[in-house]
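To start, the structure itself, in structure tokens.
The values are calculated or read from the model by the stated rules, or taken from the named source; none is laboratory data. Keep in mind the model is a prediction, meaning the values are calculated, not measured. Please note: Cβ atoms are built from the backbone with ideal geometry, for glycine as well, and neighbour counts cover all protein chains shown. Surface accessibility is based on the protein's heavy atoms, side chains included, excluding ligands, DNA and RNA. Shrake-Rupley method; radii C 1.70, N 1.55, O 1.52, S 1.80 Å.
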Protein chains: 4
Amino acid sequence: MFIQIEPLSNVPIYEQVTRQIIEGIARGDMGPGDTLPSVRSLAADLGVNMHTVNKSYHELEAKGIITIRAKSGAIIRSTEERALTPEQLQQIEKNLKPVVAEGMVLGATVDQIEHMMKKVFADLQLPAEGV
Amino acid sequence: MFIQIEPLSNVPIYEQVTRQIIEGIARGDMGPGDTLPSVRSLAADLGVNMHTVNKSYHELEAKGIITIRAKSGAIIRSTEERALTPEQLQQIEKNLKPVVAEGMVLGATVDQIEHMMKKVFADLQLPAEGV
Amino acid sequence: MFIQIEPLSNVPIYEQVTRQIIEGIARGDMGPGDTLPSVRSLAADLGVNMHTVNKSYHELEAKGIITIRAKSGAIIRSTEERALTPEQLQQIEKNLKPVVAEGMVLGATVDQIEHMMKKVFADLQLPAEGV
Amino acid sequence: MFIQIEPLSNVPIYEQVTRQIIEGIARGDMGPGDTLPSVRSLAADLGVNMHTVNKSYHELEAKGIITIRAKSGAIIRSTEERALTPEQLQQIEKNLKPVVAEGMVLGATVDQIEHMMKKVFADLQLPAEGV
DNA sequence: GTGGTCTAGACCACG
DNA sequence: GTGGTCTAGACCACT
């Protein structure tokens, strides 16, 4: 598994797990239909408690990214199953805003921020169209 | 003051204050050399605890955005004073990444995310060059 | 067979089987004296484990709805054989209560809930007397 | 507090807590704006673990019935805030169905089931219009 | 072997 | 004092 935990981070461990699984899916490491490792095995891999991973999986389910089949495992949903609601788009904007604002205030130019954006797309192996 | 607190949000109040001050500066509502309201008056305005605003100001100072001078108040530093370090640029990328990744996995297209980016720039009254 | 399994549901598969057999009987698809398919054939039909169907049949027997005779199969009992005890009536009320209460708290009107009730009766092809 | 836990029940404790809080709200024991007891105090009252009550509260939040304000408490939302979606109405029907079907198969008449319905409404102190 | 539930007890951040 | 997070370890139900 490709997940790296930073125990000292302010970001809760379960949130770190959630994010890195999302990034793994975005990157194409895992895709729709694939099964996530069992909560216990992933917990053992990461050296964290089972409940921590469990919470992460339930967060992913709440976001509509995976489906948890009791006693059977967690499966990545297909993009078709996941409807992108206007609320979700708005949420993306809401999440983007403070990051951009802080960057600007710290002295970053629009160009620099867009360059960061390109790097993120590249890291997710996505074509950064027209950026 | 232009700050709106959402008491129901998961985001801590002090963090909401911090972000909105940053957005206010990015938007040009306030600029270098300006003095932030006193901790007490802002706390009274927002109806929150004094300690909450105090924590927010200290967070802004830690980010290098303001300077707190005992008794004379909190002053916004000029952009020249604030050096944009490579570490800070990297931090922006690090903050951008999970937002973008989640958007992609939820089914947003690169175009949609870039559109959100444009809206954020527009909201911050910044020219979105070449986007 | 008319049974549809939803593998993603939180409701255990054996419980889904049990409910749908009950609904089938209520709907009149099958009646007293009829024999349920063998555990093996139904399990094969549904693509589930034999034990799962077996558990469902034993649940139906415990509820007094069918009689399991070793080797000759599971037979639906007649309504006369099944005595409706006061305890069972009370159990119905107990099961109804949380459903109704949640509906009300979520903002449903009495009329809306009664309308749902009518739809359920209609779906079970029963005359909804005086509702 | 009016909650009674049945430790032997198949229904999980956290679910029993959830249901009885919902019934309490439906009954008018508590209303919009009221604060639920803290997870720790309710847990102590009921003789269960804090996490069990915590899970119940989060279930109530997911249903849209309460809002959890971190470090401040859980508040009952007003009915206006809670939009009754068509999905929720359909869910009520889906929950009602197996209960009614089982009643019918066990030999209950439509009248008897509607009588149970009346009793439930009465218990929730609601006018059972035209039933 | 899986996730679900539950307990006990700990430390932290927020207000 | 509140909820949030995390750990450790247990038993159960389902497949």
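Just need a number here: residues in the range B:85-97 that are of a type in the set (V, I, T) and surrounded by fewer than 16 Cβ atoms within 10 Å (Cβ to Cβ).
Number satisfying all stated conditions: 1.
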Kindly provide the set of residues from the range D:74-89 that are part of a loop (DSSP other than H, G, I, E, B) and within 16 Å of DNA strand F (Cβ to nearest atom), ordered by number. D:R77
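So is B:G28 modelled with pLDDT under 90 and farther than 28 Å from A:E59 by Cβ or not?
Against the criterion (modelled with pLDDT under 90 and farther than 28 Å from A:E59 by Cβ), B:G28 qualifies.
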What number of residues within the range D:40-59 are open to solvent by 30 Å² or more (accessible area, probe 1.4 Å), within 12 Å of DNA strand E (Cβ to nearest atom) and free of Cβ contacts under 8 Å to residues at least 40 places away in the same chain? 8
Given (1) part of a helix (DSSP H, G or I); (2) out of contact with any helix residue (DSSP H, G or I) (no Cβ under 8 Å at 6 or more places or on another chain); (3) under 30 Å from C:Q16 (Cα atoms), where does D:G64 come up short, assuming only one miss? (1)
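Which residues, counting only those in the range C:85-100, are within 7 Å of chain D (Cβ to nearest Cβ) and of a type outside the set (A, V, I, L, M)?
First, the residues of the range C:85-100 that are within 7 Å of chain D (Cβ to nearest Cβ): C:88-89, C:92-93, C:95-100.
Across the range C:85-100, the qualifying residues are C:Q88, C:E93, C:N95, C:K97, C:P98.
Okay, residues lined up against (1) assigned to a loop (DSSP other than H, G, I, E, B); (2) more than 28 Å from B:K63 (Cβ to Cβ); (3) over 18 Å from the mean Cα position of the chain (by Cα):
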residue	(1), (2), (3)
A:L60	no, yes, no
A:Q91	no, no, no
A:G107	yes, no, yes
A:A122	no, no, no
Scanning for something surrounded by 13 or more Cβ atoms within 10 Å (Cβ to Cβ) and more than 7 Å from chain B (Cβ to nearest Cβ), does the range A:101-108 turn up at least one residue? no
The number of residues in the range D:109-126 that are among the charged types (D, E, K, R) and open to solvent by less than 40 Å² (accessible area, probe 1.4 Å) is 1
Looking at B:Q4 and the list (1) at pLDDT 90 or above; (2) more than 7 Å from every other protein chain (Cβ to nearest Cβ); (3) over 17 Å from the mean Cα position of the chain (by Cα); (4) part of a loop (DSSP other than H, G, I, E, B), which single condition is not satisfied? (3)
Output the residues belonging to the range D:60-73 that are within 9 Å of DNA strand F (Cβ to nearest atom) and either touching a Phe, Trp or Tyr at 6+ places or on another chain (Cβ under 7 Å) or free of Cβ contacts under 8 Å to residues at least 12 places away in the same chain (or both). D:I68, D:R69, D:A70, D:K71, D:S72
Give the residue that is nearest to the other protein chains (Cβ to nearest Cβ), with candidates limited to residues of the range B:60-84 that are open to solvent by less than 30 Å² (accessible area, probe 1.4 Å) and among the small types (G, A, S). B:G64
What is the number of the single condition among (1) more than 9 Å from chain B (Cβ to nearest Cβ); (2) within 16 Å of DNA strand F (Cβ to nearest atom); (3) not small (G, A, S) that A:Q125 does not meet? (2)
Residue under question is D:G103, and the condition is that it be within 30 Å of C:I66 (Cα to Cα), assigned to a loop (DSSP other than H, G, I, E, B) and more than 15 Å from the chain's Cα centre (by Cα); does it hold? no
Collect the residues in the range D:1-39 that are surrounded by 14 or more Cβ atoms within 10 Å (Cβ to Cβ), of a type in the set (V, I, T) and more than 12 Å from DNA strand E (Cβ to nearest atom), keeping them in residue-number order. D:I3, D:I21, D:I22, D:I25
Restricting to the range A:16-37, count the residues that are assigned to a helix (DSSP H, G or I) and either over 9 Å from the mean Cα position of the chain (by Cα) or away from chain B (no Cβ under 13 Å) (or both). 1
